[in-house]
Amino acid sequence: MTRSGQAWMLVGCLVIAGCSTARTSVVRSISPASSSVEKSTVANHKISEETTTGKETSSRYTTSKTTLPPETPDDQVPADETSSTIQLANSEVQDAETLGAVTTASEQTAALQEASSSSGQVSTPPAGGGDEFMEGSLLPGRIRQEIPPSPGNADEIPIAGDERVSPPLVLTSVIDSVYMSFPLLRNALYGRNIANGANLAAQGAFDLKLNADLNNQPLGYYQTYRNGFDIAQPVLQNGGEVIAGYRAGRGNFEPWYGNRQTNDGGEFMAGLAIPLLQNRAIDKRRAELWITQVGQSKVEPEIKTQLLQFIRDSTIAYWEWVAAGQGLRVARELQALALDRDQQIRATVQEGDRPESDIIDNQRLIVARQVKLIEAEQKLQSSAVKLSLYLRDAAGNPFIPPNSMLPARFPTPMLVTPEVLEADIAFATSRRPELLALDFDRQQLSIELLRAQNELLPTLGAHVLATKDVGGPTSSINDKGPFQGEAGLQFTVPLQRRNANGKIMMVEGKLAQNMAKRQFTADKISVEVRTAVIALENAYRAIGQASASVRLNEEMQRFETIRLNEGASDLLRLNLREQATFDARVQEVLALLGYFAAEADYKAATAAELPEEILAPAN
């Protein structure tokens, strides 16, 4: 061999050795990372159950958790380890390669910021000057800026399939994104501004009022010049009014309008009007003020009611995205089996051990499984787009998560027990905002009832007025000079009082409706909790059965593969075994999805995801 040939051989050996070493190092460094990702995902799941609920948590999630389905025998590997959708030896390295070894929240944030900066997008949070919500804040202190900014152009938003290395997306990041940027939540929060504006408008009825007038009659036999002003202050405590003012009247007044004339310095006056029966305890102005004050408190449970629905919907959208990713993995593995077998079949056909039709048959399997793979990819992309409604960047734009952000597997399901069902119902009844909103409705109706009952009373008002003219007298007898005082009563009553009685009947009917609606709402909450617990229990059992089905089908597939290699079977039987395994894995993914969807329903039914910061209504 020539020296050039030896040199090229040496270079080839070095390249092969380097690739082998790199592959070994990658596998060694990825395996623990995959385990870390799993632990981080489970830890984040537990954190979302404990930290987001504040001090009050459901007893089901604090006293009754186990980790393995009861259907799994002692000699059987647990479902979360045997299931191909939860842990697969072949896909573990692939997931770790795409997910990376980033596990902590700080590393996730750093990686996402690096990914957003590498794409050339610079995002800054919107200025808060014109975007603040009155009467408190809804955002918990634990919210992290973990979502990278979306591009400004919607056509350039990254879709599922982008294989850039990113940290796995956890559920808490999705929920935090709902708190920070979900438009419908912001719409609900602006209800505070509406309630505060209504209260401020009601307070306007008690504003200090300034009245002024100017009346001149320069032509005619009687030439007069009159001007004056007064200020009036309504009294909140008793419905009265205090008034003070000044007027001046000069000229030649008609004899019958002699009271309009004042001394040269004008006239000062002060007075007080007080209702004695009707409008003393309550009137229209105070009723509206008190109703709007209750409305400021009522808006908080209305926000919470919508927030619970948003968290539930975003949680289910997240788990559907995770399930679609697991389904895509299963479809890829099914396709890989046929692709890997193709070269083996071609070799055996060339050796004369198999008929040539086996190549065509395996090609048929490859095409058929490619169709399933395309369907799985479409489902993943659709679920990622749906998730982007809730997953948004700091600028509030939808962010479609790429495949590289998919978690490696579902978290470990937790066993629920029905023994604490009554405690869960009591817990939900004490936290569900719908009941609190109905209580505030009843308070507003009670104020309306008091106002209607007030109109049954006769109108009896008292007033006191004092006046004093100053300056030179306008007449020789100085009849305007002495201090003058006036007191009086006014009495009015409708004899039939149908207006007041009709209002009372109407408000009492609304109060009866409120009581019936509250009873139904409490019963509905109890049913929702019971239904969610039943769904959790059955979903947990289904996971155990699905995991056992996967294990058994994998065993039968392995036996059938051995028989095929020995010539005792054919591709048709092996395809049936592989299809059965694929169906079992899909059922396992659906069982896991059903469990975590039921868990989202349970948390919504018990209001376990409400943050502590808005439990007390704003004043």
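Here, each number is a calculation from the coordinates, and none is a lab measurement. Treat the numbers as computed from the prediction; the structure is a model and nothing was measured. Here the Cβ is made from the backbone with ideal geometry for all residues, glycine too, and neighbour counts use every protein chain on show.
Under 14 Å from the Cβ of residue 567, count the other residues' Cβ atoms, weight Lys and Arg +1, Asp and Glu -1, and hand me the total.
Its environment carries a net charge of -3.
Using the per-residue mean of other Cβ atoms lying within 10 Å as a proxy for protection, in what order, highest first, do the peptides 397-405, 193-201 fall?
397-405, 193-201
In what sequence, highest mean first, do 471-483, 177-189 appear when ranked by Cβ atoms within 10 angstrom?
The peptides rank, most packed first, as 177-189, 471-483.
Per 0.36 nm of contour for each residue apart, how much would the distance between residue 210 and residue 523 grow if the chain were fully extended, relative to their Cα-Cα spacing?
The residue 210-residue 523 span can extend by a further 107.2 nm.
About the Cα centre of the stretch 488-576, what is the dipole size in debye to 20, counting +1 per Lys and Arg Cβ and -1 per Asp and Glu Cβ, all else neutral?
That gives a dipole near 1020 debye.
Determine, from the Cβ-Cβ distance of residue 573 and residue 375 and an R0 of 35 Å, the FRET efficiency 1/(1 + (r/R0)^6), rounded to the nearest 0.05.
0.90
Which distance in nm do the two modelled labels at residue 259 and residue 486 give, with both placed 7 Å along the Cα-to-Cβ direction?
The answer from the label model is 0.5 nm.
Suppose each label sits 7 Å from its Cα in the direction of the beta carbon; what would the residue 508-residue 475 distance come out to in nanometres?
For the pair residue 508/residue 475, the computed spacing is 5.8 nm.
Output the peptides 519-527, 253-261 sorted from most to least packed, where packing is the average of other Cβ atoms within 10 Å over each peptide's residues.
519-527, 253-261
Taking R0 as 51 Å, what's the FRET efficiency between residue 415 and residue 350 from their Cβ-Cβ distance, rounded to 0.05?
0.40
Given R₀ = 45 Å, FRET efficiency for residue 364-residue 305 by Cβ-Cβ distance, to 0.05?
Efficiency for this residue pair is about 0.25.
Would you kindly state how much longer the chain becomes between residue 465 and residue 382 on full extension, computed as 0.36 nm times their sequence separation minus their alpha carbon distance, in nm to one decimal?
The span from residue 465 to residue 382 would gain 22.2 nm if fully extended.
Separation between the residue 534 and residue 430 pseudo-spin-labels, each 7 Å from Cα along Cα→Cβ, expressed in nm?
About 2.6 nm, to one decimal.
From the cross-link list 510/603; 284/510; 304/524, which pairs have alpha carbons spaced over 22 Å apart?
The answer is 510/603.
Using 0.36 nm per residue, how much length does the chain from residue 497 to residue 515 gain when fully extended, once their Cα-Cα distance is taken away?
In short, 3.7 nm is gained.
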